[in-house]
Amino acid sequence: QVQLVESGGGLVQAGGSLSLSCVVSGRTFEMYMGWFRQAPGKEREFVAAIRWSGGSTYVADSVKGRFTISRDNARNTVYLQMNSLKPEDTAVYCCAAGDKGAFTDPLGYDYWGQGTQVTVFS
């Protein structure tokens with residue numbers, strides 16, 4: 001069984017930074033890890049993904065150049081570094097693990113964390 005626990009959300013002024021962490025337990029080496037976000041009244045949105053094996057990364061155009069996804073195999077942790085935050089980045093951020101090949105689609109993931117709130121004020 002795979003379990004994911006996020007942390008690191010909070011309240012930050014526009015232009016600031018936050019770093020989210022997702023601690024993973026269970027067998028995920030063959031999987032890719034993703035970060036998604038969901039704002040009130042909006043659909044869940046892909047943010048970034050990374051493969052445990054090899055470390056290939058994928059980042060949504062809406063956050064490219066501002067957000068970075070990385071992993072630490074020794075700590076079984078995936079990170080999302082968020083810089084130059086904007087009010088429109090406000091959402092609940094969830095990490096997920098999957099192996100169905102559609103890493104930008106929530107349906108490609110089997111396991112989800114509980115989410116962490118990120119609020120950006122201007």
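The values are calculated or read from the model by the stated rules, or taken from the named source; none is laboratory data. Please read these numbers as outputs of a predicted model, since none were measured by experiment. With ideal geometry, Cβ positions are generated from the backbone for all residues, glycine too; neighbour counts draw on all protein chains shown. In case anyone asks, the SASA skips ligands and DNA or RNA and just uses the protein heavy atoms, side chains included. Shrake-Rupley method; radii C 1.70, N 1.55, O 1.52, S 1.80 Å.
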field: Residues located in segment 87-103, provided they are open to solvent by 80 Å² or more (accessible area, probe 1.4 Å) and either closer than 18 Å to GLN13 by Cβ or not acidic (Asp, Glu) (or both)
entry: GLU88, LYS100
- line: Filtering strands (runs of 3 or more DSSP E) wholly in segment 23-70 for at least 3 residues that are in contact (Cβ under 8 Å) with a residue 40 or more places away in the chain and surrounded by 14 or more Cβ atoms within 10 Å (Cβ to Cβ) gives 32-38, 45-51
- prompt: For segment 98-117, which residues satisfy the criterion of being under 15 Å from ALA60 (Cβ atoms) and of a type in the set (A, V, I, L, M, F, W, C)?
  reply: ALA102, PHE103
message: So, in segment 1-22, how many residues would count as being in a loop (DSSP other than H, G, I, E, B) and open to solvent by less than 30 Å² (accessible area, probe 1.4 Å)?
response: 2
task: Considering only segment 77-122, state which residues are on the phi < 0 side of the Ramachandran plot, among the small types (Gly, Ala, Ser) and out of contact with any strand residue (DSSP E or B) (no Cβ under 8 Å at 6 or more places or on another chain).
output: ALA102
